[in-house]
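Some notes on the structure that comes next.
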Amino acid sequence: MMTIGTAQTTSTAAPSAFFARWADMATWPEWNADTEWVRLDGPFKAGSTGVLKPKGGPKTKFVIAELADDRFVDVSRLAGARMTFSHFVEETPDGGTKVQVAVTLAGPLSHLWNLILGKGIKVTLQEDLDSLKAVVEASSTRGLA
C-alpha cells in the first residue's frame, strides 16, 4: 500500500458538521474541485455503494468501507487497484474539530494508478479539505444565527 497524499486542518465546527457534509454526497462538487458528481445508492452507512465522476476521468464505483464516530472511509475500485480515502475527525478541547484525510492505493496496478492520478490528488487534497472547512464553518455559523 502506498500513500498518495495527506491533508489536515482544524475547525471551529463540531465533528458532526463534517459528517453531515460527507453524508450529503450530491454536494461534494461544491467543495471538491476534482469531482463532477457523486451518487450514493442508499443511506450513508458502512457497506453502501455509489458512483462518482471525477472531472476528466471515468465514472468510478466506490463503497463506504467504514463509518464510525471518528472516521469515514470510502474505497474506489480501479482496474487492478483500490484507492482508499480515509477521513478522521477528533474533537479538540475547545469544542472544535481536527480533521485529517489520507489517500492510499493498493493492488498490483497501484503504481500505474499513482502515475495517472497521484499528482493531481496530492496537489488538490489540502485545497479540497480547506474548501470543505469553509463550507462547514459557513453552514455552522448560519445555523447559529
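You will find that of A13, A46, A106, the residue that is open to solvent by less than 70 Å² (accessible area, probe 1.4 Å), touching a residue at least 60 places away in the same chain (Cβ under 8 Å), aliphatic (A, V, I, L, M) and more than 21 Å from A134 (Cα to Cα) is A106 and no other.
Table: residues versus (1) assigned to a helix (DSSP H, G or I); (2) surrounded by 18 or more Cβ atoms within 10 Å (Cβ to Cβ).
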{"position": "D94", "(1), (2)": "no, no"}
{"position": "L117", "(1), (2)": "yes, yes"}
{"position": "I121", "(1), (2)": "yes, yes"}
{"position": "S131", "(1), (2)": "yes, no"}
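Residue-level check: of (1) under 23 Å from A134 (Cα atoms); (2) open to solvent by 20 Å² or more (accessible area, probe 1.4 Å); (3) of a type in the set (A, V, I, L, M); (4) touching a Ser or Thr at 6+ places or on another chain (Cβ under 8 Å), M1 misses just (1). Is the range 68-87 home to any residue that is under 23 Å from S11 (Cα atoms), among the hydrophobic types (A, V, I, L, M, F, W, C) and more than 14 Å from the chain's Cα centre (by Cα)? Scanning the range 68-87, I find at least one residue that is under 23 Å from S11 (Cα atoms), among the hydrophobic types (A, V, I, L, M, F, W, C) and more than 14 Å from the chain's Cα centre (by Cα), so the answer is yes. The criterion of being within 27 Å of G107 (Cα to Cα) and at pLDDT 95 or above does not hold for A33.
When V99 is tested against the conditions (1) assigned to a helix (DSSP H, G or I); (2) closer than 22 Å to A17 by Cβ; (3) among the aliphatic types (A, V, I, L, M), the lone failure is (1). Residue under question is D34, and the condition is that it be out of contact with any Lys or Arg (no Cβ under 8 Å at 6 or more places or on another chain) and of a type in the set (D, E); does it hold? The answer is no for D34. Is it true that some residue in the range 72-84 is within 21 Å of W22 (Cβ to Cβ), touching a helix residue (DSSP H, G or I) at 6+ places or on another chain (Cβ under 8 Å) and of a type in the set (D, E)? No, the range 72-84 contains no residue that is within 21 Å of W22 (Cβ to Cβ), touching a helix residue (DSSP H, G or I) at 6+ places or on another chain (Cβ under 8 Å) and of a type in the set (D, E). Where residues in the range 65-92 are in contact with a Lys or Arg (Cβ under 6 Å, 6 or more places away or on another chain) and within 17 Å of V136 (Cβ to Cβ), which of them is most open to solvent (accessible area, probe 1.4 Å)? Here the answer is E90.
The values are calculated or read from the model by the stated rules, or taken from the named source; none is laboratory data. Every value quoted in this text rests on a predicted model; they were computed, and no experiment measured them. Cβ coordinates were reconstructed from backbone atoms using ideal geometry, including for glycine residues, and neighbour counts include every protein chain displayed. Each accessible area value is taken on the protein alone, full model and side chains, heavy atoms only, with ligands, DNA and RNA left out. Shrake-Rupley method; radii C 1.70, N 1.55, O 1.52, S 1.80 Å.
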